[in-house]
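In what follows, a single structure is set out as structure tokens and then discussed.
The values are calculated or read from the model by the stated rules, or taken from the named source; none is laboratory data. Predicted, not measured: the structure shown is a model, and the values here were computed from it. Neighbour counts run over all protein chains shown; Cβ positions are idealised from the backbone, glycine included.
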Amino acid sequence: MRSAIVTGLMNAAVLYGREDLKVEQVAIPTIAEDEVLLEVRVALTCGTDLKVWKQGSHPRMIVPPAVFGHEVAGVVREVGSLVPDRVQVGMRVVPSNSAPCNKCFYCRRDRQNLCEDLLFNNGAYAQYIKIPGRIVRENMLEIPDHVDFTDAALVEPLACVLRGIDEVGVVPGDTVVVIGCGPIGLMFIRMLAVRGARVIAIGKRKSQRQAAEAMGATATFDVNEEPDPVQLVRQLTERGRGADAVIEAVGSPLTWQWSVQMARRGATVNLFGGCPKTSEVRIDPGSLHYSEITLKSTFHHTPRFIREALGAVARGEIAAADFVTGQIPLADLPQVFEHMKHRNGELKTAVIP
């Protein structure tokens with residue numbers, strides 16, 4: 001080891017099953033020769049963690065009982081003997097929650113997000129988290145001096161958003177509809193606006209409309225107040241043709257249908273929000289075929305977009321202050337998830353262990 005070994009107990013949020021989260025003392029993780037021990041400075045709540053909490057597990061990400069959470073930034077406190085010299089104790093870093101193998105069928109085709117051996121890492125809701133060697137090598141970045149920990153912790157979800165925008169192929173001047181004004185939808189709105197797109201945002205409440213406007217949307221509306229959202233969107237586009245691109249960031253069969261109906265001929269629709277497994281979606285095949293509409297679904301991120309996300313944060317294109325609506329100690333996390341369950345309008349909470 002190139003550093004003193006950190007031992008003892010730490011406070012951590014352990015998921016035991018459906019809506020069963022306990023903050024308790026557990027052993028500080030022991031690292032292998034190629035791993036890093038990170039002192040957590042901030043971890044952010046997110047919709048994925050809420051789903052995991054409600055379901056009690058995730059087939060690819062976490063099997064209880066386990067410490068969970070994955071949007072994190074912190075300080076390196078211990079490094080294994082085989083960790084590259086560029087990583088030093090005291091370094092401020094943001095690790096991704098995953099890393100590809102770079103060897104499988106999909107990695108060889110530049111689709112690392114679909115890696116057949118994609119390594120996930122959880123445990124951000126704790127005082128310390130172990131970063132596996134593959135993530136240290138492939139997907140852990142030093143935080144620039146002028147970027148604070150909370151801004152850096154946005155990198156993982158932002159990387160997913162940036163990859164979604166890239167998949168759609170938006171260019172300056174395009175009209176893009178974003179359905180859903182939660183944290184992910186608002187990130188889409190901000191980054192599309194930064195790229196010169198004209199964004200029409202669709203939300204569910206006044207606070208979401210206000211947030212979308214603050215992010216740069218040129219038009220917003222509440223679906224609860226509009227009898228025909230599809231027709232309204234078309235009225236807001238040139239000659240009623242429809243949007244150049246539509247990004248669905250909700251994950252419901254109805255909004256998936258709207259997405260196709262709001263798109264112009266030749267448009268691209270990104271079904272970013274995943275529907276429940278038993279969902280059925282009715283789409284007119286003629287509208288796809290004769291209008292040449294392209295359907296895409298963007299899952300996860302790749303190392304390229306983790307780097308692009310940190311670059312966007314470093315340039316000030318996006319900031320945590322626009323998304324983080326509160327700050328709590330780790331002990332309050334179970335109550336926060338209970339509150340998030342009822343969708344009371346909060347975006348993200350910063351957990352300070």
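Could you please find all residues in segment 259-282 being within 23 Å of the chain's Cα centre (by Cα) and either closer than 16 Å to Val230 by Cα or not in a loop (DSSP other than H, G, I, E, B) (or both)?
Scanning segment 259-282 gives Ser259, Thr268, Val269, Asn270, Leu271.
I need the full set of residues from segment 252-278 which are among the hydroxyl-bearing types (Ser, Thr, Tyr) and at pLDDT 95 or above, in order please.
Ser252, Thr255, Ser259, Thr268
When you scan segment 5-18, how many residues do you find that are of a type in the set (A, V, I, L, M, F, W, C) and modelled with pLDDT under 95?
Qualifying residue count, segment 5-18: 2.
Kindly evaluate Leu21 against the criterion of being within 29 Å of Asp148 (Cβ to Cβ), over 19 Å from the mean Cα position of the chain (by Cα) and of a type outside the set (D, E, K, R).
Considered against the rule, which asks whether it is within 29 Å of Asp148 (Cβ to Cβ), over 19 Å from the mean Cα position of the chain (by Cα) and of a type outside the set (D, E, K, R), Leu21 comes out as yes.
For the condition touching a helix residue (DSSP H, G or I) at 6+ places or on another chain (Cβ under 6 Å) and either in the same structural domain as Leu118 (by TED's automatic domain parsing) or buried (at least 16 other Cβ atoms within 10 Å of the Cβ) (or both), what is the one hit in His300, His339?
Of His300, His339, the one residue that is touching a helix residue (DSSP H, G or I) at 6+ places or on another chain (Cβ under 6 Å) and either in the same structural domain as Leu118 (by TED's automatic domain parsing) or buried (at least 16 other Cβ atoms within 10 Å of the Cβ) (or both) is His300.
Out of everything in segment 37-87 that is among the polar types (S, T, N, Q) and in contact (Cβ under 8 Å) with a residue 60 or more places away in the chain, what residue ends up being farthest from Ala309 (Cα to Cα)?
Ranking the candidates gives Ser81 first.
Which of the residues belonging to segment 300-315 are under 15 Å from Phe188 (Cβ atoms) and charged (D, E, K, R)?
Residue satisfying the conditions is Glu308 alone.
Do we have any residue at all in segment 284-304 that's in a helix (DSSP H, G or I) and under 19 Å from the mean Cα position of the chain (by Cα)?
So far as segment 284-304 goes, yes, one or more of its residues are in a helix (DSSP H, G or I) and under 19 Å from the mean Cα position of the chain (by Cα).
Looking at segment 183-190, is at least one residue in the same structural domain as Trp256 (by TED's automatic domain parsing), buried (at least 24 other Cβ atoms within 10 Å of the Cβ) and within 15 Å of Thr237 (Cβ to Cβ)?
No.
Report, by residue number, each residue of segment 1-18 that is within 25 Å of Lys341 (Cα to Cα) and surrounded by 18 or more Cβ atoms within 10 Å (Cβ to Cβ).
Ala12, Ala13, Val14, Leu15, listed by residue number.
What number of residues within segment 148-162 satisfy the criterion of being within 29 Å of Arg111 (Cβ to Cβ) and either among the hydrophobic types (A, V, I, L, M, F, W, C) or surrounded by fewer than 22 Cβ atoms within 10 Å (Cβ to Cβ) (or both)?
The qualifying residues number 9.
Considering every residue within segment 236-253, establish whether at least one is part of a helix (DSSP H, G or I), among the polar types (S, T, N, Q) and surrounded by fewer than 24 Cβ atoms within 10 Å (Cβ to Cβ).
no
State all residues of segment 332-353 that are modelled with pLDDT of 85 or more and of a type in the set (S, T, N, Q); if no residue qualifies, say none.
Gln335, Thr349, listed by residue number.
Tell me which residues, restricted to segment 133-146, are of a type outside the set (A, V, I, L, M, F, W, C) and under 29 Å from Arg315 (Cβ atoms).
Arg134, Arg137, Glu138, Asn139, Glu142, Pro144, Asp145, His146
I'd like the residue in segment 282-312 that is β-branched (Val, Ile, Thr) and in contact with a strand residue (DSSP E or B) (Cβ under 9 Å, 6 or more places away or on another chain) and, out of all such residues, is farthest from Gly169 (Cα to Cα).
Ranking the candidates gives Ile283 first.
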